[in-house]
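Report on the structure given below.
The values are calculated or read from the model by the stated rules, or taken from the named source; none is laboratory data. Computed from a prediction, not measured in an experiment: that's the story for all the values here. All Cβ positions, even for glycine, are placed from backbone atoms using ideal geometry, and neighbour counts span all protein chains on display.
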Amino acid sequence: MSDSICIVGGGAGGIFAALAARRKIAELGAAPIEVHLFERNPRIGIKILISGGGKCNITHAGPVAELLKEGFRPKKEQHFLRSALYRYTNEDVIALLARRNVTVHARENGRVFPDSARAGDVLTAFEQELEAESVMLHTASPVEAIERTPDGWKLTVRGKQLLARALILATGGMSYSKTGTTGDGIRYAQALGHTIVPVRAALAPIYLRQTPHESLVGIALRNAEIFIIKEGKAVASEHGDMLITHRGLSGPAVLGISNRAAIQMETGSISVEVNLLGQPEDILGERLVAEARTRPQQQVSTWLEEVLPNRFVPIVIAQAEVPGDRRWNALRREERIRLATTLARFSFGPVAEVPIERGEVTSGGVELSEVDPKTMMSRIHPGLFFAGEMLDVAGEIGGYNLQAAYSTGWVAGEEAINFLGKR
Ligand SMILES: Cc1cc2nc3c(=O)[nH]c(=O)nc-3n(C[C@H](O)[C@H](O)[C@H](O)COP(=O)(O)OP(=O)(O)OC[C@H]3O[C@@H](n4cnc5c(N)ncnc54)[C@H](O)[C@@H]3O)c2cc1C
């Protein structure tokens, strides 16, 4: 049998594993090694195509140390990814795209997009690279089973069996399952003895038990602060923009807090409160006193229309139990306190669900302590490697998740070739 490595999953992780493997073979002048990439869909990289609303937030600009700190909240994830992110950096992927005439720019917030604003251009560039590197691409080819053999791995693909000396699993997370990510690789890893951290929604919207008032749907709140409340206490908070939807809440701040909300929900019910103006309650209280002094004749609702989207005002007034025509000079002390509390802690009520299927990313997956971060190789099965979202890594919004997939894929690809060389 000629030496071969098989990569399961043609997303960012699998694509970069294949490219790195071919480059390593060329660098080492190794004897012929076939690199097979299997993807269940008719085309690779579906998630790249839908990423960033079809514009593809390719990566995040800045030094690697900052990417690690800003992009991955848990220290465990930062430590695990450090070596991979330094080995294949954001600059590396930008240079690869430049070679394929895909120029990019970074927005003020560091998010990097193609100048064309077309995710398709990014994917085409990756496909051209795979072709140039003679990767053996098998689309519409779901891997149906995996077995350990004394010599390596046996894969079943559309009823046919194939042998490989090294295997890279890169089948992604478990959300947006229509894109092909149904968790196959996670199940294979579990069957091979790996611990699986429970898979949960991350970067997902929050659905509410009582859906928002119709007049609120579509409202965007800038610089608000969202709180997850459990047993009367705030157990998580996040600052940023958010959006009110038919089923609940979405937008960057909500996506950012969704994983912590999903974890809290496992042990009890939670509700959501939002600081509508993003200012602490005592400062807000002082602000209301000052407003009452400077514009005594003005209706409180007129001021609220200046600081909040107009459609929100009647709902806030009702929750604060302040008469709609109340003027500042007639506003009672207790009404003012209720208004400050409502603005600082507007209640959206109990959470119904943090839908895993709608998560742009899923947290959980293969337990990191069972994978060598320098090689992405399983500590249980030599010759088995992991890449991308199926690992227990979930980055923030901002291009971090794709970068984690390129980098871990790159390391897995190179190290799979090194592994074959050492045998
Ligand atoms: C709507 C949306 C928008 C996003 N936007 C961004 C963004 O702008 N920037 C960013 O950084 N991240 C973004 N993400 C997250 C990012 O896309 C993923 O984290 C990243 O693509 C993960 O790469 P991966 O290679 O690990 O997995 P995936 O890209 O999910 O690829 C896994 C592949 O494996 C295939 N597969 C699964 N099982 C099998 C099998 N048995 N046999 C063969 N093939 C199989 C699947 O079909 C799939 O193509 C977004 C995600 C979503 C859902």
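Observations
- For Thr245, the requirement of being in the same structural domain as Thr342 (by TED's automatic domain parsing) and without any contact (Cβ under 8 Å) to a residue 12 or more places away in the chain is not met.
- Val112 under 23 Å from the mean Cα position of the chain (by Cα), surrounded by 18 or more Cβ atoms within 10 Å (Cβ to Cβ) and either part of a strand (DSSP E or B) or not assigned by TED's automatic domain parsing to the domain that holds Val411 (or both): yes
- Scanning the range 299-314 for residues that are in a helix (DSSP H, G or I), crowded, with 17+ Cβ neighbours inside 10 Å and either touching a strand residue (DSSP E or B) at 6+ places or on another chain (Cβ under 9 Å) or among the acidic types (Asp, Glu) (or both) turns up Val300, Phe312.
- Count of the range 370-406 residues which are touching a Lys or Arg at 6+ places or on another chain (Cβ under 7 Å) and of a type in the set (S, T, N, Q): 0
- The range 167-203: number of residues that are small (Gly, Ala, Ser) and under 26 Å from Gln264 (Cβ atoms): 7
- Only one of the numbered conditions (1) assigned to a strand (DSSP E or B); (2) more than 11 Å from the ligand (Cβ to nearest atom) is violated by Asp121, and that is (1).
- Residue check, Ser258 surrounded by fewer than 19 Cβ atoms within 10 Å (Cβ to Cβ) and either assigned to a strand (DSSP E or B) or touching a residue at least 40 places away in the same chain (Cβ under 8 Å) (or both): no
- Odd one out for Leu85, checked against (1) more than 11 Å from the ligand (Cβ to nearest atom); (2) in contact with an Asp or Glu (Cβ under 8 Å, 6 or more places away or on another chain): (2)
- Tally of residues being in a helix (DSSP H, G or I) and within 13 Å of the ligand (Cβ to nearest atom) across the range 5-22: 8
- Those strands (runs of 3 or more DSSP E) of the range 125-229 in which 3 or more residues are within 16 Å of the ligand (Cβ to nearest atom) and surrounded by 22 or more Cβ atoms within 10 Å (Cβ to Cβ) occupy 166-169, 196-202.
- In the range 388-423, residue farthest from the ligand (Cβ to nearest atom) [restricted to those that are part of a loop (DSSP other than H, G, I, E, B) and surrounded by fewer than 24 Cβ atoms within 10 Å (Cβ to Cβ)]: Arg423
- Selection of the range 23-44 for residues being under 14 Å from Glu127 (Cβ atoms) and either of a type in the set (Lys, Arg) or more than 7 Å from the ligand (Cβ to nearest atom) (or both) yields Leu37, Pro42, Arg43.
- Failed item, numbered, when Glu357 is tested on (1) within 9 Å of the ligand (Cβ to nearest atom); (2) assigned to a helix (DSSP H, G or I): (1)
- Residue in the range 194-209 that is out of contact with any Gly (no Cβ under 7 Å at 6 or more places or on another chain) and of a type outside the set (Ser, Thr, Tyr) present: yes
- Looking only at the range 45-65, residues that are on the phi > 0 side of the Ramachandran plot, assigned to a helix (DSSP H, G or I) and more than 7 Å from the ligand (Cβ to nearest atom) come to 2 in all.
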